[in-house]
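Notes follow the structure.
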Amino acid sequence: PSPPPAAMPLGPSRVAPGRGVDTSFHVRVAVHAASRGNQSCKTANANRACSGLRDSGLHDSGTKRGWVSLGHHQRVPPRSGPSFVANCTHARHTSRWRTATSFQTQIKTQRNPSNPCLKPGGSPRDEFQMASISSSQMEQNFDSVSGSSLRIADDQIVPGGVALTPNQKQTLDRFWCQHGVVSKAHRLLLIKTAAKKGLFRSPDRLVAKMMNLEDTTWRAVGITNLDVGKVVGRYPKSLYFDDDFLVERLRLLRDLLPGADLKKLLERNPQVLAMDMTHTLPAKMRELSKLLPNTDVVRLIETHPKILSVNVGAKVRDNLIDLKGLLKVANVVDTAVEVMVVHNPRLLTSDIKGTVSKRAVYLEKLRPGSIASLSAKPASLSRILCASEKALDRIAYVSLFDSAHEKSAIVTVNTPRAKFNRTYPGFEPWQASIAAKRTAGGTHPGGNGIIN
């Protein structure tokens, strides 16, 4: 009989495969080492060399790092954390994650003016002030690699989750703001998710998951500088994807949408990762090709990924029929409608019978014959039909107060806000009063600027 296998020593650089070892300490060591610039691959071919190290399961000294075999020809790291960060982080060291992995020493007690989440005015203590953790403190204890932590008391545990305190919600809001979730609505969603999901109450685990998500997209299809904050903010479940599952989905998506900017698509509609890419997604693309025979469907999806989240066979088809019927009375041919959709795919998912129809009626009320005159310019017509009521109110204001310098409807609507307000400083208060009367039950102003 063969002798028993030798025991594998454990340590910061070794994790026994298949053992239930808590590697959170090793993860924190690796992330901290990466934050201090511990770069072991310094050659011109660092990217290729580090990739080879990952595939072979070797670190820079040539010894095994305890990677777990999944039965494939290569080994993959244990999914408890990004254990390879300390070795090969520089091979794709994006500016975003260089900041994220070392932000313990970079976050200042003063507000960062470049952060879009932070509002001007007030003292740093009043708004988004982050507690700074020095490098020496990190060397002494590894309490946190994210700079944020939550302590959940026993009396906070309730059926179905945890009752977060206002201070804990503020801590999570600061954390997400620091990690690129600009939208307040998205941050509120993530905080609400934290009350039910333990992962979203652990900033350290979130940092590891977000780093792993970025790394997996890079390894799968070469996506660099992915704004993970946008992806997680729009689709928190993206942090739960298995690495192999995500790689397979991304490569299928690349094959289905050749040449498309997958980075932009994922940032704008990350829910596509959960779609059935063998039946549902190809069926949607075939349906779009039938509805828009003269359109590049891949380009259409790239510019408006939301179209993949709606029912193409029902919603999109009905919208296209309604849009053609709406514009047919103004002698806009079907080919022009298809060009409009290419320039502004949002029309395919908008409320045609409601919002778009009201905009068209309002435009004709302000400038009779505008839609017919713009039929030869489908791109301009699509923009003006998707304009807001406030933008269309500009036409009424100019007609009422400066008819001598009246310009075309599309020029008036597309003028930048700052330039228009400089030219017409009285527009904002006038429009505010019009909007108030409209909310109170009035209709749109006519060409004379009077609510009818």
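Residue under question is residue 244, and the condition is that it be closer than 22 Å to residue 223 by Cα and either in contact (Cβ under 8 Å) with a residue 60 or more places away in the chain or aromatic (Phe, Trp, Tyr) (or both); does it hold? Steps first, answer last, please.
Values: closer than 22 Å to residue 223 by Cα: yes; either in contact (Cβ under 8 Å) with a residue 60 or more places away in the chain or aromatic (Phe, Trp, Tyr) (or both): yes.
Criteria met by residue 244.
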Completion exercise
In the range 253-264, anything buried (at least 19 other Cβ atoms within 10 Å of the Cβ) and assigned to a loop (DSSP other than H, G, I, E, B) is listed as 257
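Do we find that residue 250 is of a type outside the set (S, T, N, Q), crowded, with 19+ Cβ neighbours inside 10 Å and more than 21 Å from residue 199 (Cα to Cα) in this structure?
On the way: of a type outside the set (S, T, N, Q): yes; crowded, with 19+ Cβ neighbours inside 10 Å: yes; more than 21 Å from residue 199 (Cα to Cα): yes.
Judged against the criteria, residue 250 is a match.
Which one of 437, 407, 419 is open to solvent by 60 Å² or more (accessible area, probe 1.4 Å), out of contact with any His (no Cβ under 8 Å at 6 or more places or on another chain) and at pLDDT 90 or above?
On the way: 437 fails: at pLDDT 90 or above; 407 fails: at pLDDT 90 or above.
Exactly one of 437, 407, 419 is open to solvent by 60 Å² or more (accessible area, probe 1.4 Å), out of contact with any His (no Cβ under 8 Å at 6 or more places or on another chain) and at pLDDT 90 or above, namely 419.
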Problem - Residue match in the range 312-325 (condition: surrounded by 15 or more Cβ atoms within 10 Å (Cβ to Cβ), touching a Ser or Thr at 6+ places or on another chain (Cβ under 6 Å) and in contact (Cβ under 8 Å) with a residue 12 or more places away in the chain) - result: no
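Any idea which of 377, 419 is basic (Lys, Arg) and within 30 Å of residue 289 (Cα to Cα)? Reasoning before the result, please.
Working: 419 fails: within 30 Å of residue 289 (Cα to Cα).
Every option except 377 fails the conditions.
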Fill in the blank from the handout: Residues of the range 394-404 being open to solvent by 70 Å² or more (accessible area, probe 1.4 Å) and without any contact (Cβ under 8 Å) to a residue 24 or more places away in the chain, in sequence order, are 403, 404
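Considering only the range 265-307, state which residues are over 18 Å from residue 348 (Cβ atoms), surrounded by fewer than 18 Cβ atoms within 10 Å (Cβ to Cβ) and in contact (Cβ under 8 Å) with a residue 24 or more places away in the chain. Please lay out each step first, then the result.
Let us first name the residues in the range 265-307 that are over 18 Å from residue 348 (Cβ atoms), namely 266-267, 270, 273-274, 276-279, 282.
With the extra rule that they be surrounded by fewer than 18 Cβ atoms within 10 Å (Cβ to Cβ), the set shrinks to 274, 276, 278-279, 282.
Answer for the range 265-307, where residues must be over 18 Å from residue 348 (Cβ atoms), surrounded by fewer than 18 Cβ atoms within 10 Å (Cβ to Cβ) and in contact (Cβ under 8 Å) with a residue 24 or more places away in the chain: 274, 278, 282.
If you go through the range 157-176 one residue at a time, do you hit one that is touching a Ser or Thr at 6+ places or on another chain (Cβ under 6 Å) and at pLDDT below 95? Walk me through how you get there before you give the answer.
To start, the set of residues in the range 157-176 that are touching a Ser or Thr at 6+ places or on another chain (Cβ under 6 Å) comprises 171, 175.
Add one more test, that the residue is at pLDDT below 95, and what stays is 171, 175.
Yes - at least one qualifying residue is present in the range 157-176.
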Problem - Among (1) within 30 Å of residue 309 (Cβ to Cβ); (2) surrounded by fewer than 21 Cβ atoms within 10 Å (Cβ to Cβ); (3) of a type in the set (A, V, I, L, M, F, W, C), the one test that residue 329 misses - result: (1)
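Being aliphatic (A, V, I, L, M) and modelled with pLDDT of 90 or more: is that true of residue 432 here? Walk me through how you get there before you give the answer.
Numbers: aliphatic (A, V, I, L, M): yes; modelled with pLDDT of 90 or more: yes.
Taking the combined requirement at face value, the residue satisfies it.
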Practice task
Please work out which residue is nearest to the chain's Cα centre (by Cα), limiting yourself to the range 293-321 and to residues that are within 19 Å of residue 269 (Cβ to Cβ) and outside any helix (DSSP H, G or I).
Solution key: 304
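The values are calculated or read from the model by the stated rules, or taken from the named source; none is laboratory data. Remember, predicted model here, so these are calculated numbers, not experimental data. Glycine gets a Cβ as well: all are built from the backbone with ideal geometry, and neighbour counts include every protein chain shown. Only protein heavy atoms, including side chains, enter the accessible area calculation; ligands, DNA and RNA are left aside. Shrake-Rupley method; radii C 1.70, N 1.55, O 1.52, S 1.80 Å.
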